[in-house]
Every structure is written in structure tokens, then in C-alpha cells.
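Worksheet: the structure to be examined is printed underneath.
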Amino acid sequence: MRFANFIGMILTENTTASIQTKADYLLTDSRQLTFPEKSIFFAIRGERHDGHQFIKTLYQKGVREFVVEENSLNETLRAEINSWKDATVWTVFSSIRALQKIVAEHRSHFSLPVLGIVGSNGKTIVKEWLAQLTAPGQRVVASPKSYNSQIGVPLSVWNLKKEHTLAIFEAGVSRAHEMEYLQTVIRPTIGIFTNIGSAHDDGFRSRKQKITEKLRLFTKVKTLIYCKDYTEVDEEIKLILRPVNPFLKTISWGSHSDADVNVSYEAYQNKTIIKLNGIFGNLQLETGFRDNASLENLTHCILFLLDFGLTASVIQERILTLRPVSMRLELKEGINNCYVIDDTYNNDLQGLTMALNFLSQQEQRSHRTVILSDVLQSGQAPTELYGIIAQLLFEKKINRLVGIGPELSRQLKQFNIAETNFYEDTEAFLKEFPFNSLTNSLVLVKGARTFSFEKIVHRLQQKVHGTVLEINLDALTHNLNFYRTKIGSETKIMVMVKAFAYGSGSSEVASLLQYHRVDYLGVAYADEGVSLRQSGITLPIMVMNSTAPTFDTLLQYQLEPEIYSRRMLTDWIEYIKLKNNSEIPAVHLKLDTGMHRLGFVEDDYEWLCEQLTVNPSIKVSTIFSHLVGADDGIHNNFSHLQYGRFIKGAVRIEETLGYPVTKHILNSAGIVRFPEFRLDMVRLGIGLYGVEATGQQQHFLQSVGTLKTVVSQIKYLSAGETVGYSRRGIVDHDSAIATLAIGYADGYDRGLGNGVGQVYVNGTLCPTIGNVCMDMTMIDVTNAEVEEGDEVIIFGSEVPITDLAKRIGTIPYELLTGIGERVKRVFFKE
Ligand SMILES: *Cc1c(COP(=O)(O)O)cnc(C)c1O
């Protein structure tokens, strides 16, 4: 090991300037490691994660450059680092600042136009659109997706290379004083301030402060484009920015006549005419977009392009090709037992890298296929570009590559992959590819838009009937983080994924949880545990209801049983005596403190302790109990009583065992209502899936599941007709009635019929009419604008599942776990 700055020396932030890295890749998330020898790892300590925990593993994987924080090194870590003979370790005060410094230094080697974008909304769309609009003629580097944070910005700017002729980066801040760091990293020469939203931001005292903070990005730009209709932005530019940047050229636009460019929109049936009047002359441009947000974003793009020197006719031609920006990535079940990952985001090196990272997080299948199109408009020489892609696919252990496009076909020799197929175009692929040869694989489908890869996805995905449950993986992560922040870093987390992960899909949810390193998973039955193991889940798993006949399975799959009774413990002792040479799983002791379901009661404790003493080969991992009414204040006294009983029992058992045992009693509701009972671990359930069981903090959670179906048919009925079985749906005025492709067999409860339930169609809530059938439901769409084939939301953010449950006197748990097996689950992230 070589400490570039010796620990113990006085370090200032300046010392990071001396970091001379040889690395090509900056790594801030250990899970995204691809090229160990070429990466420098920045150990970052956040609210929930500490990158220093992973430096040892990374060293073992071949990483040889590290930036670590002086204050995060403990004795063990120092000793570990000291034992490395061939690594360079820089110690700094803040790894994030060091990262920013290194990239700021990198940035200083280039002099090209650099556009920096700030604003409350639209940053990513303006950036993506401009990257696309300027691509003919320019070699553009841009932030991937919404990489605009203190870490995302340096990672984006690091991609700047000498061949680029234009750079576009977005910057976001969540609290004061962050932008000055981003300014030195991006060092923009041109700026766009998209807009300012009204949402209150915790990190700022006022909206004004938020605006001034954002404006700090522009202290050195030559030109700033902004919309003058946001008067506060306009004022702050004059008041705050102008004095520090006196030669600034502003291009303001808006409905005001005193703006540099007066802009108005004329709406037509299927297009909008944008009229611009001012410093660029009198212009009229046409677009297919009609909503205000898109028009505002587009106007920023147009003004940038005009200032950049493009003619109105070229701009007109190019803006007609714009589409809404899609960053959506979907994971769904495919043909031949495959999983299909459908990623619509840019097929450039960064987009591909991110998609491959997602692919390698999935544990459901060990075989991995990539169907890839030519990468267009990269500005890089093909041999170099495809050389990097080949390396990337190799490092990510891709087993099969299907390359589509003339350029990939020319570069086929570069790929060192077990199985490859190459096709000139998508049509040839669809005609000639042996689809039966693609089985049990995780298939990433990633293509440039012109290749129409949606046809490939369509061919590969399982034909879905009209009803799907969409699971938002970003929302799951958000909710997990909400609870993690609440419990703090000292308390472990077990996530309950029983009952098909509350109906959401166990292997996909468990994969995500494994990626986010939760401590334990909990399932109800051994079978559920087996299916997780078969999907590549290696986390410890607790099984709540196991019986003697399943013990072999537990042993084989290393699943840990909950032991709840004398009879079960006796069976277990007998069993492990027979298997005394095997790796016996640890167990979890369940105490019944008042639920009176499963668990040892106080009378059992003496016996239990004796058994544990004479059978030391029983390894106890945790002791736990369950509150009967954690969600409701009415039961507070009883919850305290239960907690007291639990501690008494658990401590007694722990003393008998003579080693520390993890203790836990809280479910989702308990985490919110009883912070003092968090102990060593909590068991998160419904909260992860977006339902805050106490109702008090629902607004902090994001909605995870959206159950969607489609309109199969529309009928126009006169008053007096009836709808459905037993003539229960009485039409009392002339009505439009739509039939939906969902029924009680899909989990739409029969109690929701006859107007009890409402669904969301094109912005309107429509009541059910008549009885719910097994596979179909009828709704009254008289007041809605609906066509056959339209999408219908059964529940989701527009129709909260909590409301739906209330209408039929049940709880969200039952609705979620009742969603039928034939309803396909589709997982997506942005
Ligand atoms: C299901 C379950 C949980 C999770 O409960 P939620 O209310 O969904 O948070 C916790 N503990 C046990 C024993 C469970 O069975």
C-alpha cells in the first residue's frame, strides 16, 4: 500500500489536487464495478451507506486505487489497507469533494461550448432533446439520464473526451452551497434556466434562495437563456447574477413584450405553431407537441439552436423528429422461460452500461443474452467504440450476443462471447433468428430508435392478457430508503416477501432487495424460500411456517425456520441429530406475547431454555415476537405490555444461550409508531409496497403497484336496460357502458361491483355498474372520453389502494395478495 497522504498528516481539501489517478473509470457504487484494474473507487459515506465497508471486497476483485475519508477509517480498516502491497490509497476529508476536484481538473483541459442546465422541471428533457437536435454535425457528450447530483455531475463530466465538440450537462441542488462545487466541475459557457416550481424544498429557506443557488452555476457563462415569465428568476438574474457576471449576454423569452424574444403558441387540432418575435427576427415553427411543459422545453431548445447558429429551416426539420423522452426500462416475463429487459433509453455507451448494470443485478437466470443494435452518432471510430462495447459485454459475463445492424456485423470479430448471431437489420432478425434456441435466459433488448426494437420485444415477451400489474422499482427503492433512514444504521432490516412479495413478484423484488443489501428476507412457507434460492437469492431467509416434512428442504436450501412450539423444537432436535455432519441452518425463536397465533408462551420458557442448554448445536439467529395492534393508538398499552413480555423472555433465553442474539418485534406500522422498540432488527412488510399502515406518513411513500386493464368494448344503452348477471346494473339514464378485461378471478373483488368501486379512465373516475364477473367488469363511462382499447387504472396513484380496500371493508394487504396469477407483473424503472 502507498498512502499518497499519510494518515495523521493534516489534510486540507487542497491536497486532493495531488490525486494523480491512472484510472479510466470513476467508481462510487461498488456494485457497479466493471473494470477493476481501470477503476478508482471513491468511498463515500452517506446517510444510509458507507462505501468504506466495501473497499476490502473491491481490493480482492482487483481495484488498486482508492480514495477514502480520514474520519471513516477504523483500526481494522487501517490495518487492512496497510497490508496491501500494490494499491494506492488517498485519504481525504471528503471523497465527494475529491471526486469533484479530479473531474474539475479533467474539465479544465477542454475548451468547447459547454451548456449547463438548471431549473425545477424539464432539465432532463431539454438536455436529451438538445443532444438529439445537435447530433447531426456535432459530437455531443451529455449527462446520462438525470445524473445531476453532487456525484452524478462529476461522473457525467468525466465522460468528456477530446473528440467532443459540444457538452450538455444538467445540475440539480438540494441544499444551499452545493452549486459552487458543480460550477467548477461543469464550468459551463452557456446556460439554460428552465423554470422554477412552487414545490417547497426542505433544503432551502425560500424560493428566492433556491433561485440564487441555481444561478451560481452561471457566474462565468457568456450567454444565459431563460423564460422571463418566471419573474422571480428574472429579478434574481438582474439583482444577483449580473453584478458578478457583468458581461453576461441574456436571451430572455416569454409572453412579455419586453423579453428579447416574444413567444406565443397557437394551438391546432394536432399541432402547435410557435411564433417567435425578437432578436432572431420573426419566425414560425411547427410542432406536434401541444402540452405546456413540452412547449416550454422545446422553446428553450429552439432558442439555444438559434443562438448556436442553426437556421430556422434546419431547426424546423429537426424538431419534427422529437419524441417524448423515455427513460423507462421494463422487466417482464418472456417466451421460453426467459426474462426480457426492454430499455428504451439512449443506446449509447452510457445508456448501454447502465442497462448492463441492471441486467447483472438480476438473479432470476444465470444465462445472459444481449440483443443490441448499432450505436449511432457516437462520434467515435467504430473499431474503438465496438472494442469498448466488446470489453464491456465480456466483463459483464454476457453469454450470448445478437448484433443487429451493418456496423455490428462488420465488427463481429471483436466480440469474445460464447455465442453470437449477427443480422443486417431487425427484419432479417425476426425472419431468421432461431427463437427456440433462446431459453432460460435474461435478455436485454437495447437498440437505437430507428431499429424499431419494439418489434423484437413484442416477439419475445409473453403475450399478456389486457390486465397487468406494473411494479415501480424506483418507488420500491424509495420506500425502502424511507424506512432505512427512519431506523438508522444500527438496526438491521428484514423484508417480508411472503405471499409472492405481497402480490408484487417475489424473485424480482428479492433481487432488488439483495442489490440494496437488506439483512434478511422473510417468507411464509419453505416453497417460497426454495423459489427465491432458485432465483439466485443468497440473502439469509427466515421461513415462518415450516413443519418436520420440510426440514430436508430447509437444509438443502439453507433456509432458516421459525421455531414456535415444543413439538416443533423436539422435531428439529431429532432432525439435526440425524444430520450432525451437515451445515444446519440457524433458527428463529418466536415468542407469543399476546397475538396468540404461533409462538412459545411464558410457561414454555423454562422447558425451552433446558432444551437449548442440552442441545448446543441449535444455533439461534434471532428471537422475535409480533405486535397485535402496532398501527392503532387504541392498543398502545397492550403494545407496551407485549414489548415488556418480549424483552423479559428474550433476555432470559439469550442469557441461557450465552451469546448475543438479534431481537425484533416491529412490523411496518411499528417502525413508524414505536421508535423505542426498534431493537436489533425490524420486519418491513406492507410499507415497502407503498402502504403506510398507520396512515400518518403515507405522503412520504411512493405508490409501487399500478393495476391496469383495458376497455374491451363500449355500448350505448337506453334508460331501462340492465347490465350484467341478475340484471343488477340498472341503467336509469341513456348511458355509455364499457366492459373491462378484469374480473374477480384477477383479484377485482366482487364487492366492488354495482358502483362500490371506481376506476380511472383518461382522467375521469368511472363507477362500476352491475355485478363483477369472473373475467370482466362493466363501468359507466357516460361522463368520460373513452375509446375501445383505452387503458384503465384499477388502482395506483390515481386510485389509492387504501381507498379501494376501505370501500369493501378490507385492508390493502388482502387486495394486493389477491391479484390473480394470470395477471402479468411488469417491473419498470426510469
Ligand atoms: C407479515 C409479517 C410482518 C410484516 O408486516 P407488515 O404489517 O406488512 O409490515 C412482520 N412480521 C411478521 C411475523 C409477519 O408475518
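Output the residue which, of all residues in segment 627-644 that are under 15 Å from R678 (Cα atoms) and more than 16 Å from the ligand (Cβ to nearest atom), is surrounded by the most Cβ atoms within 10 Å (Cβ to Cβ).
Result: H640.
Could you tell me how many of the residues in segment 453-498 are within 14 Å of the ligand (Cβ to nearest atom) and either outside the structural domain of A526 (by TED's automatic domain parsing) or over 30 Å from T694 (Cβ atoms) (or both)?
So the count comes out to 0.
If you take the residues of segment 778-787 that are of a type in the set (A, V, I, L, M, F, W, C) and part of a loop (DSSP other than H, G, I, E, B), which of them is farthest from T810 (Cα to Cα)?
Looking at the filtered set, the residue picked out is V786.
Look at segment 655-700 and say how many of its residues are within 11 Å of the ligand (Cβ to nearest atom), of a type outside the set (G, A, S), touching a strand residue (DSSP E or B) at 6+ places or on another chain (Cβ under 7 Å) and assigned to a helix (DSSP H, G or I).
Qualifying residue count, segment 655-700: 3.
Cβ-Cβ under 7 Å, sequence separation 6+ or interchain: first residue in segment 670-699 and on the phi < 0 side of the Ramachandran plot, partner of a type in the set (D, E) and near the ligand (Cβ under 8 Å from one of its atoms). Which pairs?
Between residues of segment 670-699 that are on the phi < 0 side of the Ramachandran plot and residues that are of a type in the set (D, E) and near the ligand (Cβ under 8 Å from one of its atoms), the close pairs are A693/D631; T694/D631.
In segment 536-545, is there at least one residue being touching a helix residue (DSSP H, G or I) at 6+ places or on another chain (Cβ under 8 Å) and part of a strand (DSSP E or B)?
Within segment 536-545 (the criterion being touching a helix residue (DSSP H, G or I) at 6+ places or on another chain (Cβ under 8 Å) and part of a strand (DSSP E or B)), the answer is yes, since at least one residue qualifies.
Which residues, counting only those in segment 508-532, are away from the ligand (no atom under 12 Å from the Cβ), among the hydroxyl-bearing types (S, T, Y) and surrounded by 21 or more Cβ atoms within 10 Å (Cβ to Cβ)?
Hit for segment 508-532 is S511, nothing else.
Could you pull out every one of the helices (runs of 4 or more DSSP H) wholly within segment 431-530 that has 2 or more residues that are farther than 30 Å from I623 by Cα? If you could, list the steps in order and put the result at the bottom.
Numbers: elements: 454-460, 473-487, 498-502, 506-515.
In segment 431-530, the matching helices (runs of 4 or more DSSP H) lie at 454-460, 473-487.
In segment 569-607, how many are assigned to a helix (DSSP H, G or I), aliphatic (A, V, I, L, M) and buried (at least 21 other Cβ atoms within 10 Å of the Cβ)?
1
Does L295 count as in contact with a strand residue (DSSP E or B) (Cβ under 7 Å, 6 or more places away or on another chain), assigned to a helix (DSSP H, G or I) and aliphatic (A, V, I, L, M)?
Working: in contact with a strand residue (DSSP E or B) (Cβ under 7 Å, 6 or more places away or on another chain): yes; assigned to a helix (DSSP H, G or I): yes; aliphatic (A, V, I, L, M): yes.
So L295 passes the test.
Can you find even one residue in segment 721-740 that is closer than 24 Å to S504 by Cα and either among the aromatic types (F, W, Y) or in contact (Cβ under 8 Å) with a residue 40 or more places away in the chain (or both)? Spell out the reasoning first.
To start, the set of residues in segment 721-740 that are closer than 24 Å to S504 by Cα comprises 740.
Restricting the remaining residues to those that are either among the aromatic types (F, W, Y) or in contact (Cβ under 8 Å) with a residue 40 or more places away in the chain (or both) gives 740.
Scanning segment 721-740 turns up at least one residue that is closer than 24 Å to S504 by Cα and either among the aromatic types (F, W, Y) or in contact (Cβ under 8 Å) with a residue 40 or more places away in the chain (or both).
Rundown of residues vs (1) acidic (D, E); (2) closer than 22 Å to K161 by Cβ; (3) touching a Phe, Trp or Tyr at 6+ places or on another chain (Cβ under 9 Å); (4) without any contact (Cβ under 8 Å) to a residue 24 or more places away in the chain, yes/no style:
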| position | (1), (2), (3), (4) |
| --- | --- |
| R78 | no, no, no, no |
| N82 | no, no, yes, no |
| V89 | no, no, yes, no |
| R97 | no, no, yes, no |
| Q100 | no, yes, yes, no |
| V114 | no, yes, yes, no |
| S120 | no, no, no, no |
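Name the helices (runs of 4 or more DSSP H) wholly inside segment 324-421 in which the number of residues that are in contact (Cβ under 8 Å) with a residue 40 or more places away in the chain is 1 or more. Show your work before the answer.
Numbers: elements: 349-361, 382-395, 406-410.
Those helices (runs of 4 or more DSSP H) span 349-361, 382-395.
Picking from L310, L408, L303, which residue would you name as being assigned by TED's automatic domain parsing to the domain that holds H164 and crowded, with 22+ Cβ neighbours inside 10 Å? Break it down stepwise before answering.
Details: L310 fails: crowded, with 22+ Cβ neighbours inside 10 Å; L408 fails: assigned by TED's automatic domain parsing to the domain that holds H164.
Being assigned by TED's automatic domain parsing to the domain that holds H164 and crowded, with 22+ Cβ neighbours inside 10 Å holds for just one of L310, L408, L303, which is L303.
Out of D307, D258, I need the residue that is modelled with pLDDT under 95 and in contact with a strand residue (DSSP E or B) (Cβ under 9 Å, 6 or more places away or on another chain). Which one? Before the answer, list the steps.
On the way: D307 fails: modelled with pLDDT under 95.
Testing whether each residue is modelled with pLDDT under 95 and in contact with a strand residue (DSSP E or B) (Cβ under 9 Å, 6 or more places away or on another chain) leaves just D258.
Within segment 533-557, how many residues turn out to be within 16 Å of the ligand (Cβ to nearest atom) and under 29 Å from R48 (Cα atoms)?
5
Is it the case that segment 762-782 has a residue that's under 25 Å from I686 (Cβ atoms), within 16 Å of the ligand (Cβ to nearest atom) and crowded, with 19+ Cβ neighbours inside 10 Å?
The initial filter retains those residues of segment 762-782 that are under 25 Å from I686 (Cβ atoms), namely 765, 772.
Narrowing further to those that are within 16 Å of the ligand (Cβ to nearest atom): none.
No: zero hits.
What helices (runs of 4 or more DSSP H) completely inside segment 98-206 contain at least 1 residues that are surrounded by fewer than 18 Cβ atoms within 10 Å (Cβ to Cβ) and in contact with a helix residue (DSSP H, G or I) (Cβ under 9 Å, 6 or more places away or on another chain)?
Counting at least 1 such residues, we get 179-186.
Of all the residues that make up segment 224-249, how many are closer than 16 Å to G119 by Cα and either in contact with a helix residue (DSSP H, G or I) (Cβ under 8 Å, 6 or more places away or on another chain) or part of a loop (DSSP other than H, G, I, E, B) (or both)?
12
Tell me yes or no: at least one residue of segment 615-623 is part of a loop (DSSP other than H, G, I, E, B), within 13 Å of the ligand (Cβ to nearest atom), among the hydroxyl-bearing types (S, T, Y) and over 22 Å from E490 (Cα atoms).
Checked segment 615-623: no residue is part of a loop (DSSP other than H, G, I, E, B), within 13 Å of the ligand (Cβ to nearest atom), among the hydroxyl-bearing types (S, T, Y) and over 22 Å from E490 (Cα atoms).
Please go through segment 704-720 and pick out each residue that is more than 16 Å from the ligand (Cβ to nearest atom), out of contact with any Asp or Glu (no Cβ under 7 Å at 6 or more places or on another chain) and outside any strand (DSSP E or B).
Of everything in segment 704-720, just one residue is more than 16 Å from the ligand (Cβ to nearest atom), out of contact with any Asp or Glu (no Cβ under 7 Å at 6 or more places or on another chain) and outside any strand (DSSP E or B), namely G720.
What about R652, is it away from the ligand (no atom under 16 Å from the Cβ), at negative phi and modelled with pLDDT of 95 or more? Step through it out loud before you land on a result.
On the way: away from the ligand (no atom under 16 Å from the Cβ): yes; at negative phi: yes; modelled with pLDDT of 95 or more: yes.
Yes: the conditions hold for R652.
The values are calculated or read from the model by the stated rules, or taken from the named source; none is laboratory data. These figures come from a predicted structure and were not determined experimentally. Don't worry about glycine lacking a Cβ; one is built from the backbone with ideal geometry, like all the others, and counts go over all protein chains shown.
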